[in-house]
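Peer 1: Sharing a structure below in structure tokens format, with a few things to ask.
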Amino acid sequence: MDDIVRYYLGFNLVPGIGPLRLARLIERCGSIAEAWYADEAAMVAAGLDARSMAGLRAVRESIDLDAELARVRTAGITLVAVVDPLYPPLLRMIPAPPPLLYLRGTLTPADQRAVAIVGTRHPSHYGREVARRLARDLATAGVTIVSGLALGIDTIAHTAALEAGGRTIAVLASGVDRIYPERNRALAGQIIASGALLSDYPPGTPPAPLNFPPRNRIISGLSLATIVVEASANSGALITVQFALDQGREVMAVPGSIFSPLSVGPHRLIRDGAVIVTSADDVLAALNLDQCGGTFEPSLELALTAEEEAIYAVVEAEPQHIDIIGRAAGQSAAATAAALALLELKGLVRQVAPLYYARGR
């Protein structure tokens, strides 16, 4: 894997080459290694513009990939490429998943039972208590809590999950060595010990306004559902919701006082069809997850949604690509990805290779 991850590390330092362009370049060249050494003709054929091509040439000339790989690992950071078995399966399913993740802490199979809890940085007493109880009860039920380490709802969710003895993942809008906000440095250390800090930004990257929407995309991508506790009409939490919808993931919201501006976001989501959450049981029921206390064992009699039934009906013993499965079932790409994620959690299908699925039993 080192021979592969070093090239993903290099591409992650090239400005202008994101997931889509990198995927096209790999497809054109045949492998990540050949893409790294692509000539101008191959770069043009892959659709790279002049800026991206110049950026790739500059990084190739200035970076010693082995030295950079050693530097990152010396800092206690694990590199997880999209082709690595350790890469979160739910995140791999989203459109254009981040090609490389920087990890401090650990990722485990249990993190496939993940739910995001997001909301305002300035919650009311009610919002604080709701976030704490939801995170605590879900963590006790074996659900990994995902959030963004921001002040307010994020901090409460991470803290409550840890206090319950559960797992939590914090996604940063900076390098994983640049904890933001600074006052959450101690919390970040606890998360590393009982979960993970994740980012797709290289070490040393400071937090910047433009980094937060992509960070939110990863939060929703790691999660079966995104729960909004309190959020004003213009809250950044609603950006995470939009990504969740684009990814075909469940959106949930906690109702609040009709007199509070922090209820505007959740109430609008509920009006538009979000699942109403009043307890952890609502979340577990909506996602067809059981109270497992950390170890998920699928029931022999599993309730399936219409989408899951349609997908399961066309999955065969022989592995098939996700696109073939979706077309056979008449489902959109987002609906197919979401249904396969849940069917995998229920033990009915298994991912035998990136984007290839077969019946689990």
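The values are calculated or read from the model by the stated rules, or taken from the named source; none is laboratory data. Predicted model only: the values in this text are computed from it and were never measured. Using ideal geometry, Cβ is built from the backbone for each residue, glycine included, and neighbour counts are taken over all protein chains shown. These accessible areas exclude ligands, DNA and RNA; they are computed on the full protein's heavy atoms, side chains included. Shrake-Rupley method; radii C 1.70, N 1.55, O 1.52, S 1.80 Å.
Peer 1: Determine, yes or no, whether Gly175 is without any contact (Cβ under 8 Å) to a residue 12 or more places away in the chain and out of contact with any His (no Cβ under 6 Å at 6 or more places or on another chain).
Peer 2: It is false that Gly175 is without any contact (Cβ under 8 Å) to a residue 12 or more places away in the chain and out of contact with any His (no Cβ under 6 Å at 6 or more places or on another chain).
Peer 1: Only residues in segment 86-112 that are under 15 Å from Ile322 (Cβ atoms) count as the first member; pair them with residues that are aliphatic (A, V, I, L, M) and open to solvent by 20 Å² or more (accessible area, probe 1.4 Å), Cβ under 6 angstrom, at least 6 apart or cross-chain, and list the lot.
Peer 2: Close Cβ pairs satisfying both conditions: Ala96/Leu20; Pro97/Val82.
Peer 1: Kindly indicate the residue of segment 55-78 that is over 29 Å from the mean Cα position of the chain (by Cα) and more than 16 Å from Leu22 (Cβ to Cβ) and also most open to solvent (accessible area, probe 1.4 Å) among those meeting that condition.
Peer 2: Result: Glu61.
Peer 1: Would you mind stating whether Ile324 is out of contact with any Asp or Glu (no Cβ under 8 Å at 6 or more places or on another chain), open to solvent by 40 Å² or more (accessible area, probe 1.4 Å) and modelled with pLDDT of 90 or more?
Peer 2: Spelling it out, Ile324 is indeed out of contact with any Asp or Glu (no Cβ under 8 Å at 6 or more places or on another chain), open to solvent by 40 Å² or more (accessible area, probe 1.4 Å) and modelled with pLDDT of 90 or more.
Peer 1: Scan Ala358, Ala338 and give me the residue that is in a helix (DSSP H, G or I) and either surrounded by 15 or more Cβ atoms within 10 Å (Cβ to Cβ) or at pLDDT 85 or above (or both).
Peer 2: Ala338
Peer 1: For segment 221-273, give me the residue count where each residue is over 23 Å from the mean Cα position of the chain (by Cα), part of a loop (DSSP other than H, G, I, E, B) and under 25 Å from Leu210 (Cα atoms).
Peer 2: Going through segment 221-273 one residue at a time, the tally reaches 2.
Peer 1: Right, next: When only residues in segment 259-276 that are without any contact (Cβ under 8 Å) to a residue 12 or more places away in the chain and charged (D, E, K, R) count, which is nearest to Gly248 (Cα to Cα)?
Peer 2: Per the criteria, the residue is Asp272.
Peer 1: Can I ask one more? Please go through (1) modelled with pLDDT of 95 or more; (2) on the phi > 0 side of the Ramachandran plot; (3) open to solvent by 10 Å² or more (accessible area, probe 1.4 Å) for Ala96 and return the number of the only condition it doesn't satisfy.
Peer 2: (1)
Peer 1: Also, quick follow-up: Filter segment 158-187 down to the residues that are outside any loop (DSSP other than H, G, I, E, B) and of a type in the set (D, E, K, R), then identify the one that is most open to solvent (accessible area, probe 1.4 Å).
Peer 2: Ranking the candidates gives Arg183 first.
Peer 1: Given Glu316, Glu309, which one is among the acidic types (Asp, Glu), touching a residue at least 12 places away in the same chain (Cβ under 8 Å) and open to solvent by 40 Å² or more (accessible area, probe 1.4 Å)?
Peer 2: Glu316
Peer 1: Something else now. Whether any residue in segment 252-265 is crowded, with 23+ Cβ neighbours inside 10 Å, under 23 Å from Val82 (Cα atoms) and not acidic (Asp, Glu) is what I want to check.
Peer 2: No, because not a single residue in segment 252-265 is crowded, with 23+ Cβ neighbours inside 10 Å, under 23 Å from Val82 (Cα atoms) and not acidic (Asp, Glu).
Peer 1: A further question on this structure: Taking segment 279-315 on its own, how many of its residues are more than 22 Å from Val251 (Cα to Cα) and either in a helix (DSSP H, G or I) or modelled with pLDDT of 65 or more (or both)?
Peer 2: Result for segment 279-315: 4.
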